[in-house]
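Single-structure report; data block below.
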Amino acid sequence: METNGVANHAKRSLFSDLDPDEDITQIESLCVTCGKNGITRILLTKIPFYKQVVLMSFECLECGYRNNEIQSAGKVEEKGVRITLSVEAPEDFNRQVVKSDYTSIKLPILDFEVPSQSQKGEVTTVEGIINRAIGGLIRDYEVRKPSDPETADKIKDFVDKLFLLKTLTRPFVLIIEDISGHSCVENPKAPKPDPNCHVVHFDRSKSEDHILGIYTKEEIGEPEGKDESLLPPLGESEEPLDLEAEVLRFPTNCPICGTPTTTNMKLTKIPYFKEVVIMATNCDSCGYRTNEIKSGAGMEPRGVKIEVTVSSREDFSRDLLKSETCSVLVPELELEAGPFVVGGKFTTVEGLLTDLKTGLERSVLTRDTLQAEVAEALSTLAKRLDKVLATEEAVTLVLDDPAGNSFVQSLTAPDPDPRLKITHYERSYDQNEDLGLNDMNTENYE
């Protein structure tokens, strides 16, 4: 086995920014076509605006067979993802698509579907998806034509329709559904919202969980009862914990480098709001730090939209709670960050804006994998956020949370704050679906 950059890996995060000259691992492996030995190249990297992945590419020099595959380096997501893309311009064919083994592809205009687990995961484009479908259909055409000409003609007619899609004589819709939640479609307008792409996260069924190898304790036959690992040591009483006074600690692994570390958790009450659970992780090995926050009082009956004017140092000091379901918008900068771009956290207005700026700068560092115009737009946006943080430019910070679990501190409470506007609204059907509420009785969420 030949490896490059092994020493460097030992000193930094396993999934570092892309550097092909140092980070590719080469392994001699068997070719499934001719039985000779070929080369598999493995690259661990990050995809901008997405996540950490493992890229694998195989090539056999004897018979010329090639294959590439992508696998997520993270755990299975809590929800599946359904991406609906409207293909309306030639540029849409160049959008990068990340799809896992569990992805199904649908073209409603042709009543065509590529089933889940029929193809390996890969990094491709919208045009690449259509080309792969065409290649699969015409592969055995010459063999099939003499024995079954009628079916061969039908296949040829359908392939012609697929070719016609590439001419874009009329717009069409492409639906990508992945029960593992690991698929995504590039947003060429990033960091602005993508008007042609709609993303919905859905709850998996029990059968879909089983496909992914997820089972409950009852299903795998584990005995019910108390987990002995959570029981107090012998001789100690089982007095109830005062969660508001105690800081609970439990072992976990760092999501960046995988080193065992500890997460601290505490229940606290935010004035004029509700109880929340704050979790903080600090990795001594790679320096990774994070804090997450979850509502301790359930989901609200309505969503909330919070608008705060940010123009002075006083505005930066406002306490801010952003839940995992909350999107962040800055209209003056045409900046929109979805709920998964910045996770749930308890911070300040300045802290949230700094997190957004840091995320943009990290994306620019992966310039080799970004289009030039996107990298330039991100750099410009990061510079404008610098001006906002220096109070040289006033903006409006908007938190839009369909779960109603986000909060911004009022500087004049309990009196009205003229620089803070809070609006409660009824959720849409798609927002309820994202929150997993469409199949539930939604009269009481708490």
Could you tell me whether residue 193 is over 27 Å from residue 116 (Cβ atoms) and either in contact (Cβ under 8 Å) with a residue 12 or more places away in the chain or open to solvent by less than 40 Å² (accessible area, probe 1.4 Å) (or both)? yes
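Take the stretch 406-415 and flag every residue that is open to solvent by 80 Å² or more (accessible area, probe 1.4 Å) and either touching a Cys at 6+ places or on another chain (Cβ under 6 Å) or under 24 Å from residue 347 (Cβ atoms) (or both).
If we filter the stretch 406-415 for residues that are open to solvent by 80 Å² or more (accessible area, probe 1.4 Å), which is where we start, we get 414-415.
Answer for the stretch 406-415, where residues must be open to solvent by 80 Å² or more (accessible area, probe 1.4 Å) and either touching a Cys at 6+ places or on another chain (Cβ under 6 Å) or under 24 Å from residue 347 (Cβ atoms) (or both): just 414.
Kindly indicate whether residue 421 is in a helix (DSSP H, G or I), of a type outside the set (Asp, Glu) and open to solvent by 40 Å² or more (accessible area, probe 1.4 Å). Write out each step before concluding.
Details: in a helix (DSSP H, G or I): no; of a type outside the set (Asp, Glu): yes; open to solvent by 40 Å² or more (accessible area, probe 1.4 Å): yes.
Against the criterion (in a helix (DSSP H, G or I), of a type outside the set (Asp, Glu) and open to solvent by 40 Å² or more (accessible area, probe 1.4 Å)), residue 421 does not qualify.
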Considering the stretch 258-313 alone, what residues qualify as being at pLDDT below 75, touching a Leu at 6+ places or on another chain (Cβ under 8 Å), open to solvent by 40 Å² or more (accessible area, probe 1.4 Å) and closer than 29 Å to residue 331 by Cα? 273
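Determine if the stretch 198-205 includes at least one residue that is out of contact with any Lys or Arg (no Cβ under 9 Å at 6 or more places or on another chain) and open to solvent by 60 Å² or more (accessible area, probe 1.4 Å).
In the first step, residues of the stretch 198-205 are kept if they are out of contact with any Lys or Arg (no Cβ under 9 Å at 6 or more places or on another chain); the result is 205.
Add one more test, that the residue is open to solvent by 60 Å² or more (accessible area, probe 1.4 Å), and what stays is none.
No: zero hits.
Take residue 383 and tell me if it is within 21 Å of the chain's Cα centre (by Cα) and at pLDDT 80 or above. Explain how you work it out, then say what you get.
Numbers: within 21 Å of the chain's Cα centre (by Cα): no; at pLDDT 80 or above: yes.
No; evaluated as a whole, the condition is false for this residue.
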Residue list for the stretch 330-351, restricted to those being open to solvent by 40 Å² or more (accessible area, probe 1.4 Å) and charged (D, E, K, R): 332, 334, 336, 350
Picked from the stretch 56-107 (must be touching an Asp or Glu at 6+ places or on another chain (Cβ under 9 Å), of a type outside the set (S, T, N, Q) and within 19 Å of residue 26 (Cβ to Cβ)), the residue least open to solvent (accessible area, probe 1.4 Å) is 70
Given (1) part of a loop (DSSP other than H, G, I, E, B); (2) open to solvent by less than 30 Å² (accessible area, probe 1.4 Å); (3) of a type in the set (A, V, I, L, M, F, W, C), where does residue 388 come up short, assuming only one miss? (1)
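The values are calculated or read from the model by the stated rules, or taken from the named source; none is laboratory data. All of these numbers come straight from a predicted model, not from anything done at the bench. Neighbour counts are summed over all protein chains in view; Cβ atoms, including those assigned to glycine, are modelled from backbone coordinates with ideal geometry. Only protein heavy atoms, including side chains, enter the accessible area calculation; ligands, DNA and RNA are left aside. Shrake-Rupley method; radii C 1.70, N 1.55, O 1.52, S 1.80 Å.
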